[in-house]
């Protein structure tokens, strides 16, 4: 694996590295960690890779690695959003598979362009919608697919964070607030798409209409930082999606509740090893990671017995294990792909435009 | 106290009785418990009152009680909604104070009529928005009034229930689904107004605009059973309100989260003795009933030391204690009145009309 | 009902009054509220009873009430422990039923004396081990009796409080720290007996041996304030009991966990409307007050639907409703009696003596 | 790193591998994974190491690796207990550092022998008392050391599990129930020592006396499976320790509560990212992983921002990071060593002997 991005100060770069290597199926051996050659070199030392493989730029990495017998099999892209397309394009056109951070690109048009490139390249491409890697998220998905809830009637998904409740400071906040690097969406692009993906991933439904109310609470910020949306799914179910980065005191409060005709379920990212099932006869059931009754998807995604908490890094690692299955040509990977990327980009553009126009309900299409 | 309604099969009638008498400031001595004289008599026995004072109808009760030296000082109205106005009117015009279940009436026009009657009568009138009686709700209100959160930016209030997730059965469900008795609102009138009142009560803010998405999920139901709304408050804060009666597995899940510039708070009705405060420096504080740091409103509203849970009946009783203060001409009562009733009725009518018309954002006025 | 004790500053007196009257089966009409006639009069006003029936002492109350046609049917004793026996004796010998706060008396010998008096009088006698009044405690008891856990193997009961973590102040703390009024036990007598009773009440087992480790943490205190005990039950199950009043930050943390061959259960007083059942196949089930699957004991003990929390006062009221059943000669009351009182007093004396002697395991008999 | 043990069917071997490599400071390159050369070879493939370095036995590994320039720097011992001493001895005498699973050995005498070997070898030795690696455990320790609780008065530590509630089956259960491989202790050796270590690690106190009540609940089992102990610490504080493997429905329920003069704290392994602090003025504070107020030990031990849960594997990895610090000769490592190993072995032997003898309180010394 070669890493693109993840240089000094990066949060998500080291996370990708740990996640990729956790199960010893993948090894980080090369990187173009920064647009600065100097910083890329420093990062190479931090990651403890062969200094010769800490490259000054992507093109050099791709060329040099192609020349090695033990060259990289894929790249992981962890740059700010505006670099996703050029980096992925370069790799795919060089015949190298790609796993990329979300959102796919900075515009829907770019995402379509990327989709075409992927199709032409015929190489695996994955997007790290991290939360789909949790064992109990996959259990929820499997149970719903098996009909445990009956017809789904209502979906409530939220993603409150508080870390941007003050004017931006720090590298992490800075590029996210700059539309030229993050795209037109702020909060909606950074975390709203996670909530959206989670809702579609677990329910198997697809959003067909939405009504968006996006706002910017912190003065001087160029993008949205507080979003709410009503949703309609393709089976007629009513939904709501709240995402905020000015929700003081919230850490990473992604959660979802899904109400069906026969039962409901609830999952919270901050207690990821618990899944509640509420039955219409009044029974309340707590499903826990490691339970013997878990289905094969959840069991595959767990490494320890019940009561030994796994968390965010292990969920992330599950996406890499899935990606490794794809690279080996195996079936069964649940890791999101460009299809999810297109839907995420469409969400951002549709919501931002509809909210700005005060458009009320609008159709949602990719 | 005389009770109007609360006959055989009533849930809320006995609750009013317990709440009224809990602190021995009020005694139930008379009632017109049912529109059936027979049932009213039976109810009188159940409540263990003097059989002579279990009246066949409201008019008889008012006349007979007026003739007694120890006649009732007020009536509590616990009938289906369509009887609120005539019952209150009769009592007030007879010079008798009224405490009435929410919502105030079945239409906003009726509520205005009632407001005029109240003003003319010059007698105390209270509405039992129960949840405003909880000690920690009052603590939340006091802390916000004292500036603990700074400027409020965001309010998320929800009220999911699941008991109407199937076609209606039973007395409780039956009249609520009949617009001629409940008014145009279903879920919005039954519980949506509670959520709305709680949000305004705690924050001290007033809603000025809203966008409503109401629906009927269970086939054949004549009123809404699943509602969601976006709100704007008079200080510009963004809000959302979710209320549902088809949320399988939910019991009485009223909860509120309020995010300010400096801190946030969270309260859940099903754990009413806990109030969370989250500070913008990362500190998370759990305030509990009975804590020495509670303000005077919360302390007044508690009867037991910390760790001895009080609940719904005690919260309800606090409204009666407040009403007793009003009857005695004392200051400080926080019990809701016709002003809150008007806002509740306006909410129902505005939301139902706006949702039906697909109207998008509309102004909210009384 | 006549109240003995419960004068100015009393915590438990008003609780008894509310609990007794909550269901309108019992009315407080008289009292000897204090050993001071003056204070008794003042308390009478607070309780809003007929001033003529606020008596200067117990004897006067019993004599005067006996002379009235509408005289009291029973007395409730809420004095410090050393007055329990004389008060109960006077009432029972006057042919008046008694409901009394726990522990029964100040010594086991006194408790045996009281048992003899009760037997001779042939009148109902009840002890308010409050926590046995909670609906889900009764559900737990019923499920275990029905075999839901299989053979019980292990019982863990705890009762941490923190309110005596500093040298005593206040009326509540003061008499509890004075052996001449509270008996030889401090924490063990005040709350340890509650934990002990709860364990025997729910499991249906009886303790046959114990090993006690009692201590006094706060300097200058004359009785124990921190206790731990190992238990053996009559079926061989191993148990532990922790009770403390110096556990800073704890409010009223009574909780119990019972492990059987097939399943386990957990209940916590501070979340009284939840009962956890853990099955040996890994399923975790949360039973909640108001659930349709609850047995008749729990349903009888509830007044509101699920999600409308009931608490300490309602649990207490259930004991009074049980006592009213006894007064009416009905079956089914689960309220504790002198048998429980004897076991509680034996616990106190056995534990205090065994701990002081460093006696290791001792037999437990009444 | 070379791994000893961790062959097919091992739970803890792969955990050590992940933990060791998580931060890319250590790499698994060799192993003697099983006493069967065949199984060791298979395991080598599973771990994806160079087949030439999957050795048939420890001696061969040590000799072969010593001959390589890139030979291992240390071994990790993850065998059943009875192999700890011979494996550690062989490594240390070959000049190789050792990190070893707990308990140190199967007898206290062996542990003393090991201590002497370690001293003579002068090489780093660490024991993986995993739970001391959690960030908030280290925060708790740092706060207590800084006086946040005042004098400690009471310590309650528990470790309930339910996985051995039935007669033993499976490799994990099997060797633990065989005294020739596990030593004289069953539950006490497997998890009791974890609880004991946690209590001493966090409080900084040392146990000086104890009273043990160990039992075997499941018929036919040769060692204890349910333990309880009273403790006295060197400052006079009273403690209790419960450990059980027949507590049906419990997963890995290690938890600790520590009550001081000024405040108390609580931590639970299954919610490892939360630490409760309860102040004697009634304030309840929830400290969470990632909070800005955390001390340097906790911050060092975290890899992700607040709200991104880390768990068991990351805690384990912190011990390896500490061990890597020791290997590099750096200060500050909090990883347990042979001193902790001696205390653990003394606990097992003292408790087993005292319980069998019905000895009451006994002194605890190493």
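The table for this structure:
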| item | result |
| --- | --- |
| Residues satisfying the stated conditions in region B:345-366, i.e. at pLDDT 95 or above and touching a strand residue (DSSP E or B) at 6+ places or on another chain (Cβ under 7 Å) | B:350, B:351, B:352, B:354, B:355, B:361, B:362, B:363, B:364 |
| Qualifying residue in region D:47-57 (condition: crowded, with 16+ Cβ neighbours inside 10 Å and out of contact with any strand residue (DSSP E or B) (no Cβ under 8 Å at 6 or more places or on another chain)) | no |
| Checking residue B:70 against (1) free of Cβ contacts under 8 Å to residues at least 40 places away in the same chain; (2) outside any helix (DSSP H, G or I); (3) out of contact with any helix residue (DSSP H, G or I) (no Cβ under 7 Å at 6 or more places or on another chain), the condition it does not meet | (1) |
| Within region B:278-297, considering residues that are within 28 Å of the chain's Cα centre (by Cα) and within 14 Å of chain A (Cβ to nearest Cβ), the one nearest to residue D:290 (Cα to Cα) | B:278 |
| Any hit, region D:324-338, residues being at the interface with another protein chain (Cβ under 8 Å from one of its Cβ atoms) and modelled with pLDDT under 95 | no |
| Residue match in region C:193-215 (condition: in contact with a strand residue (DSSP E or B) (Cβ under 7 Å, 6 or more places away or on another chain), within 28 Å of residue C:8 (Cβ to Cβ) and surrounded by 16 or more Cβ atoms within 10 Å (Cβ to Cβ)) | yes |
| Check on residue B:171, in contact (Cβ under 8 Å) with a residue 12 or more places away in the chain, over 21 Å from the mean Cα position of the chain (by Cα) and either in the same structural domain as residue B:229 (by TED's automatic domain parsing) or farther than 25 Å from residue B:83 by Cα (or both) | no |
| Residue under evaluation residue D:13, criteria (1) touching a residue at least 24 places away in the same chain (Cβ under 8 Å); (2) surrounded by fewer than 17 Cβ atoms within 10 Å (Cβ to Cβ); (3) assigned to a helix (DSSP H, G or I), criterion not met | (2) |
| Subset of region C:231-256 (residues that are at the interface with chain D (Cβ under 8 Å from one of its Cβ atoms) and part of a strand (DSSP E or B)) | C:238, C:240, C:242, C:244 |
| Subset of region B:34-45 (residues that are crowded, with 21+ Cβ neighbours inside 10 Å, within 14 Å of another protein chain (Cβ to nearest Cβ) and out of contact with any strand residue (DSSP E or B) (no Cβ under 6 Å at 6 or more places or on another chain)) | B:43 |
| Within region A:350-363, considering residues that are more than 14 Å from every other protein chain (Cβ to nearest Cβ) and buried (at least 19 other Cβ atoms within 10 Å of the Cβ), the one nearest to residue A:114 (Cα to Cα) | A:350 |
| Answer from C:275, C:342, C:319, C:313 - the residue that is more than 14 Å from chain D (Cβ to nearest Cβ), crowded, with 18+ Cβ neighbours inside 10 Å and in contact with a strand residue (DSSP E or B) (Cβ under 9 Å, 6 or more places away or on another chain) | C:319 |
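The values are calculated or read from the model by the stated rules, or taken from the named source; none is laboratory data. The structure presented is a predicted model; accordingly, all values stated were derived computationally and were not measured. Note that each Cβ is placed from the backbone with ideal geometry, even for glycine, and that neighbours are counted across all protein chains shown.
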